Amino acid sequence: MHIPDSFMPLSQAIVYWAIAIPFIIMSLRWSRKEMDDTKIPILAALAAGIFAIQALNIPIGMGTSGHMVGATLVAIVLGSPWAGLLVLTLVLIVQGFVFGDGGITVMGANIINMGLISGFIGYYTFVGLKKRVSMSIAAYVGAWLGLFIASLAVAFEMWLAGTFPLVPGLIAMGTFHFIIGIVAEGLITTIALAAIARSRPDLLSDTVKDSRGVEA
């Protein structure tokens, strides 16, 4: 899921940065408006957890690997997809500059895929389902779908970059992340939310508290 520098021409990488930067700025504006002393510790804890789960990579061929993302979990807990984008941006910066996981020039594309696409799709899927099904099911489906769509976006970008063919790329990335979403991303998101709802419900956003099966 982390695109390295060698997988994308610089001209295309610049385009993704140009798309990502305005969204990053909006996430920073969200943080200045919404973050307070009670939310900062949970954001830091979620960022550390995401850093850990993304270290578990599964090779899937063509020089790529699959892993969990975590943007949907952050977005649901803090009640905004901007939170997911902000945390993934911070995580990707540390991973890229300190640990060499994911390229620097292509970081804009990685932020779009893992922070913007995964976080927004996952969060709004959760929002759309939360009144119809339980919090756990809504979160599970949202996390799974956000990861799956993001993986397809990566395959499409790699095709545009000329790195690998479109159909084999979609099959490889889509199949593995479809499975990862079912057995890992969705499950961990559901378990984490349920644990927070039981132990510290005050940390959850109103979006979660208004879900079916969760007292407001």
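The values are calculated or read from the model by the stated rules, or taken from the named source; none is laboratory data. Just so you know, these numbers come straight off a predicted model, no measurement behind them. These area figures cover heavy atoms from the full protein model, side chains too; ligands, DNA and RNA do not enter into them. Shrake-Rupley method; radii C 1.70, N 1.55, O 1.52, S 1.80 Å.
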| note | Residue-normalised value, i.e. accessible area per residue, for the chain at 1.4 Å probe, in Å², stands at 44 Å²
| field | Between 0 and 90°, nearest 10: helix 186-199 axis offset from the chain longest Cα axis | value | 30 degrees
| Computed helical MRE - 222 nm, the chain, DSSP H runs ≥ 4 contributing -39500 (n - 2.57), nearest 500 | -21500 deg cm²/dmol
| query | Taking all protein chains as present, what is the carbon and sulfur share of the accessible area of segment 24-181, in % to the nearest whole number, probe 1.4 Å? | reply | 74 percent
